């Protein structure tokens, strides 16, 4: 083959992949997940709602099979480095989706999938004003008209769910019902068309009625027969990790890595605690740290107050280039996320052009909690973890990464996100900021004593992620029960009992939430390897800027791009 013919063949392969990946997103990925389409900024999906009938699942799997064959047939060797990696990312996403639909099967095991989907489908149309209120209300009406059918589908699909999944659904449904009763109408008060508002009143009441009926069904019918197993097993766990994160390390080795990092952080915690209180045990110092929290009604303000010192430090110490001066907005976590989430960053999709506000969500204590329960809950929002969480969610964590993602090199890198990248980066920044001097007197802390408490807060958050790492593997491979997981979060992860319960619940349905610590360790190894390779020319700011500029692929992909080799990620 001549050079010109080879170049033409490569160009053809590039074009084939571009067309195939675009058609995959436009014909399969978003059409079967229209709420994700709204989030991404593709508003042709706004009136549509997910269809979770078994026939729809089978139709999606058939399409996934078709695109897997089509994209696999495109020769990887004929693609440039970025496109070759994108091809692997898309193929892995297809395989992961098939694994979820046909093997893990949350649509047949989890009643909360349906009710929380209804809430999320409404919330995505409420939160951002990407169109006039009347237009968004029209889309919401279209979605609400489909919600009763969706909730009735659950009665057919969900047969023998794990009890913990059913209990989570029961816990979340009252908040979801109140969300539709109060928050949803309030969000569309500025709609102008009277007939439209009247029609919405009917669809919203029908949705509320169906949600109430759904809750009654779950309590009286589904709960007594919820005897299923939430564990996905070692084989499925390994496949999911390989597809989602491009990590193929054997699970025993992964556990060894996880326990080693847990013990390192526990040792560091004990050392700092001894410096702070020589006559107290680490547990006693942890209890003292827990009591150093703001009042619950001042929690959002406490987070807001961290932004200026974080930004000043990042700029003065050349940590990372921040592409925008606009901060995220702080708000209370939406009701359908409160049972399993304490804090999160909700940024607009990469293709959203009009409503570009990001929201920093914080879960406040439930008003039904006793004073003692509220105090225990607030231990997780102590002076140290408030800083650590602000770093993780906002600066320079998720929010800064979102700002970079808008300029990611390809549609694939903007759309498909590896959690070891997204959560790994945010978790990495918690330690990185303190290691580089933030949290010292005059830079986030008022004195040496507070500086030590900030480090303990960062370490407590690291231990939380260490516990997720170990619990996820152990629970889903049958080596740890749910109750043992709660105790592990408390005793080994240094978490209050209230937080430990939330975290164990999350782990039942999010088996691979080891990605926080796993991604952090991969990023730290990449940084160390680049420092060794570049020597005195290494720049932390350049490293962070280049890392973030890659978009959201697994760390393995970024490693190959930045190091130029395929050396191990850990």
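The values are calculated or read from the model by the stated rules, or taken from the named source; none is laboratory data. Predicted model only: the values in this text are computed from it and were never measured. Quick reminder, even Gly has a Cβ in these numbers, built from the backbone with ideal geometry, and neighbours come from all protein chains shown.
At a glance:
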quantity	calculated
Meets criteria (modelled with pLDDT under 95, part of a helix (DSSP H, G or I) and not assigned by TED's automatic domain parsing to the domain that holds residue 109) for residue 500	yes
Residue within region 125-132 that is at pLDDT 95 or above, assigned to a helix (DSSP H, G or I) and within 23 Å of residue 154 (Cβ to Cβ) present	yes
Candidates 261, 229 - the one that is in contact with a strand residue (DSSP E or B) (Cβ under 9 Å, 6 or more places away or on another chain) and either touching a residue at least 40 places away in the same chain (Cβ under 8 Å) or surrounded by fewer than 17 Cβ atoms within 10 Å (Cβ to Cβ) (or both)	229
Test: residue in region 187-207 that is under 21 Å from residue 157 (Cβ atoms) and loosely packed, with under 14 Cβ neighbours inside 10 Å	no
Residue among 97, 105, 87 that alone is under 28 Å from residue 247 (Cα atoms), without any contact (Cβ under 8 Å) to a residue 24 or more places away in the chain, in the same structural domain as residue 148 (by TED's automatic domain parsing) and surrounded by 14 or more Cβ atoms within 10 Å (Cβ to Cβ)	105
Region 373-413, residues that are out of contact with any helix residue (DSSP H, G or I) (no Cβ under 8 Å at 6 or more places or on another chain) and farther than 30 Å from residue 23 by Cβ	375
Subset tally (residues that are closer than 21 Å to residue 294 by Cβ and surrounded by fewer than 19 Cβ atoms within 10 Å (Cβ to Cβ)) for region 344-358	1
Unique residue being assigned to a helix (DSSP H, G or I) and on the phi < 0 side of the Ramachandran plot when the list is 493, 507, 535	507
Where residue 446 falls short, out of the listed (1) closer than 29 Å to residue 128 by Cα; (2) surrounded by fewer than 21 Cβ atoms within 10 Å (Cβ to Cβ)	(1)
Only one of 223, 186 that is at pLDDT below 95, more than 27 Å from the chain's Cα centre (by Cα) and over 30 Å from residue 518 (Cα atoms)	186
Listing of helices (runs of 4 or more DSSP H) fully contained in region 347-430 that carry 3 or more residues being over 27 Å from residue 128 (Cα atoms)	371-378, 383-393
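For every residue, the table says whether it meets (1) under 22 Å from the mean Cα position of the chain (by Cα); (2) modelled with pLDDT of 95 or more; (3) assigned to a helix (DSSP H, G or I).
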site: 21; (1), (2), (3): no, yes, yes
site: 24; (1), (2), (3): no, yes, yes
site: 38; (1), (2), (3): yes, yes, yes
site: 51; (1), (2), (3): no, yes, no
site: 70; (1), (2), (3): no, yes, yes
site: 84; (1), (2), (3): no, yes, yes
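Yes or no, residue by residue, for (1) closer than 18 Å to residue 397 by Cα; (2) touching a helix residue (DSSP H, G or I) at 6+ places or on another chain (Cβ under 6 Å); (3) in contact (Cβ under 8 Å) with a residue 60 or more places away in the chain:
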site	(1), (2), (3)
458	yes, yes, yes
461	yes, yes, yes
478	no, no, yes
490	no, yes, no
514	yes, yes, yes
541	yes, no, yes
544	yes, no, yes
556	no, no, yes
564	no, no, no
